[in-house]
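One structure below.
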Amino acid sequence: MKTFAPLLHSYWYLFRGAGMTLLMASAAVVPATLLGVLLALVQVFGRRAARSAVLAYLFIMRGIPLLVLLTFVYYLLPLTGIDLPPFWGVVLVLAFYYAAFMSEAFRAGILSLPQAQWDAAKSLGMPRYLMLRIVIFPQALRLAAPPFISLCVNLVKATSLVSIVGLWELTMASREVVERTLAPFQIFLGAAFLYFCICYALALYGKYLERRALVGH
Amino acid sequence: MENTLNDALSLATDPPVVQQRPMLAMSGIAKWFGANQVLKGVSLTVAKGEAVVVIGPSGSGKTTLLRCINLLEDYEDGIVAVDGEPIGYFVDARGKRQRMGERDLAAAREHVGIVFQSYNLFPHMTVLQNIVAAPIRVRGIPRAKAEARARDLLAMVGLTDKEQAYPVRLSGGQQQRVAIARALAMDPKIMLFDEVTSALDPELVGEVLAAMQQLARDGMTMIVVTHEMSFARDVADRVVFMDGGLIVEEGKPEQMFTAPRTDRVRQFLKRYNDRYRL
């Protein structure tokens, strides 16, 4: 305990960093999910040109490391004259990046429903939006839930990269504390523990969602 | 447009069985799967209240024909009308064949109930929800009324105690009876049955056929694609035999099963009888 006790107030600093990490991840996950659903819908139902555009977007996002993208936008954004607070710039990059992956999870969910479900819904005279809302989505989202949750976990961990472009969050906070205390082992163990707690809670929530959605299966 | 359509129909179809407007009129339905033509210009007319059973070997186009009626399967030529109203394609003022818009198509499909071989119930909904979903959301029937009607239908198919069950908890025969109730809940003008007993255990076939027989007795217009020859014999007003994408022969069941006019039907029935004679 002797090695940890003097660092107690430093851990409090880490907690605040973890709060920032959570805030950033939460701010990014909402637009990422919405955009992901939209991209998936275009991929499945869109016209050819729209589908091609989405496909190109997916390839670009999947082909660039997040760190490169973050740095690129960090230097590019001021040149375009867009004056965005760094926090929101980073949130947008995370959202656009993860939307690409989430759309694939949703698309897989939609496509893995048997044609028979569509047939049944169509034959009952359901217009497309109704079919999607009450027949396709409830089942597709259940199928997409496991990869979606794991992407959310990834997103939380990816926020650690933003310290590169100077944003303050858990990883940045840890580095600051280490510089002061020269106790990298204890501090990064604490940071790892905090990351783990957030991600584990997410995973548990995912399991809960899955169980609840399993009604009728 | 009405005139053009009716002209087109009367040109292409056989003389109607009864004088009144047929409940279903299909004319010249042609469909290709790639280079393979699976329907070679099929025309079929079904009168109101008539139960037509379609038989024939696998791959003869029976199921495809049935699915063309409400455009679950697209087809390259021909038109269909249910109770005089076009469904899927219509002939415009200039005599050109046009595909209906999605909205009109959805509205037209309300009048055609279909029951599938694999039941196709919605697994995330209870039995009751399966039945009332479309009446409430598509036809705008108040929930209380839709549920009362659903309970009547469940009683009719003998599943009163299952309304809160999820489909996965039901046997195949029970699921299929729910599927029948779900289709009936839209008050369709015609019911289509696509090999609805083929996926069932032999001892569950009877309960589903009984529900269908009841329906025929109540005067529902229906087309039944099946391999159950005894059902065809006992329930059908007319039997249609398909082979190679064409209607080869049609007639009263007693005539068809005892004195078929074509060799193809004779051969089919003989093979069938040889297989199932105990």
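The values are calculated or read from the model by the stated rules, or taken from the named source; none is laboratory data. The shown structure was predicted, so the numbers you read here are calculated from the model rather than taken from an experiment. Positions of Cβ are backbone-derived with ideal geometry, glycine not excepted, and every protein chain shown enters the neighbour counts. Heavy atoms of the whole protein, side chains included, go into the accessibility calculation; ligands, DNA and RNA do not. Shrake-Rupley method; radii C 1.70, N 1.55, O 1.52, S 1.80 Å.
Some notes on this structure:
- Of all positions in the range B:173-185, none carries a residue that is within 13 Å of chain A (Cβ to nearest Cβ), buried (at least 17 other Cβ atoms within 10 Å of the Cβ) and over 21 Å from the mean Cα position of the chain (by Cα).
- Candidate set from the range A:199-217 (those that are open to solvent by less than 30 Å² (accessible area, probe 1.4 Å) and under 18 Å from the mean Cα position of the chain (by Cα)); member that is farthest from residue A:147 (Cα to Cα): A:199
- Meets criteria (of a type in the set (D, E, K, R) and either in contact (Cβ under 8 Å) with a residue 24 or more places away in the chain or open to solvent by less than 40 Å² (accessible area, probe 1.4 Å) (or both)) for residue A:62: yes
- Number of the condition not met by residue B:246 [criteria: (1) open to solvent by 40 Å² or more (accessible area, probe 1.4 Å); (2) in contact with a helix residue (DSSP H, G or I) (Cβ under 9 Å, 6 or more places away or on another chain); (3) of a type in the set (A, V, I, L, M)]: (2)
- Selected residue (criterion: most open to solvent (accessible area, probe 1.4 Å)) from residues of the range B:11-46 that are closer than 12 Å to residue B:80 by Cα and either at pLDDT below 90 or in contact with a Cys (Cβ under 8 Å, 6 or more places away or on another chain) (or both): B:12
- The residue pairs whose first member lies in the range A:78-92 and is closer than 14 Å to residue A:25 by Cβ, whose second member is outside any helix (DSSP H, G or I), and whose beta carbons are closer than 7 Å, counting only pairs six or more residues apart or on different chains, are A:87/A:167; A:90/A:167.
- Looking only at the range B:138-172, and only at residues there that are surrounded by 18 or more Cβ atoms within 10 Å (Cβ to Cβ) and of a type in the set (Val, Ile, Thr), the one that is nearest to the chain's Cα centre (by Cα): B:157
- Residues of the range B:136-147 that turn out to be at the interface with chain A (Cβ under 9 Å from one of its Cβ atoms) and farther than 18 Å from residue A:138 by Cβ, as a count: 1
- Tabulated pairs, the range B:109-126, first more than 7 Å from chain A (Cβ to nearest Cβ) and open to solvent by 20 Å² or more (accessible area, probe 1.4 Å), second polar (S, T, N, Q) and in a loop (DSSP other than H, G, I, E, B), C-beta under 6 angstrom, 6+ apart or interchain: B:117/B:198
- Helices (runs of 4 or more DSSP H) completely within the range A:84-193 that count 3 or more residues being open to solvent by 10 Å² or more (accessible area, probe 1.4 Å) and within 14 Å of chain B (Cβ to nearest Cβ): A:115-123, A:137-158
- Between B:115, B:127, B:91, B:80, the distinction of being farther than 29 Å from residue B:34 by Cβ and not charged (D, E, K, R) belongs to B:127 only.
- Tally of residues being more than 17 Å from residue B:251 (Cα to Cα), of a type in the set (Gly, Ala, Ser) and in contact (Cβ under 8 Å) with a residue 40 or more places away in the chain across the range B:26-69: 6
Conditions tested, residue by residue: (1) out of contact with any Asp or Glu (no Cβ under 8 Å at 6 or more places or on another chain); (2) within 26 Å of residue A:200 (Cβ to Cβ).
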site: A:14; (1), (2): yes, yes
site: A:29; (1), (2): yes, yes
site: A:40; (1), (2): no, no
site: A:60; (1), (2): yes, no
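- At least 2 residues being under 20 Å from the mean Cα position of the chain (by Cα) is the threshold, and among the helices (runs of 4 or more DSSP H) wholly inside the range B:195-278 those reaching it are B:202-217, B:229-235.
- Yes/no for residue B:186 being assigned to a loop (DSSP other than H, G, I, E, B) and modelled with pLDDT of 95 or more: yes
- Test result for residue A:96, of a type outside the set (Gly, Ala, Ser) and under 28 Å from residue B:114 (Cβ atoms): no
- Test: residue in the range A:34-57 that is closer than 30 Å to residue A:193 by Cβ, open to solvent by 70 Å² or more (accessible area, probe 1.4 Å) and at pLDDT 95 or above: no
- Being of a type outside the set (Phe, Trp, Tyr), over 18 Å from the mean Cα position of the chain (by Cα) and open to solvent by less than 70 Å² (accessible area, probe 1.4 Å) holds for only one residue in B:49, B:88, B:95, and it is B:95.
- Hits in the range B:64-74 - residues which are polar (S, T, N, Q) and surrounded by 23 or more Cβ atoms within 10 Å (Cβ to Cβ): B:70
- Selection from the range B:127-137 of residues that are open to solvent by 30 Å² or more (accessible area, probe 1.4 Å) and closer than 19 Å to residue A:118 by Cβ: B:129, B:137
- Checked against the criteria, residue B:101 does not count as more than 9 Å from chain A (Cβ to nearest Cβ), open to solvent by less than 10 Å² (accessible area, probe 1.4 Å) and under 23 Å from residue B:26 (Cβ atoms).
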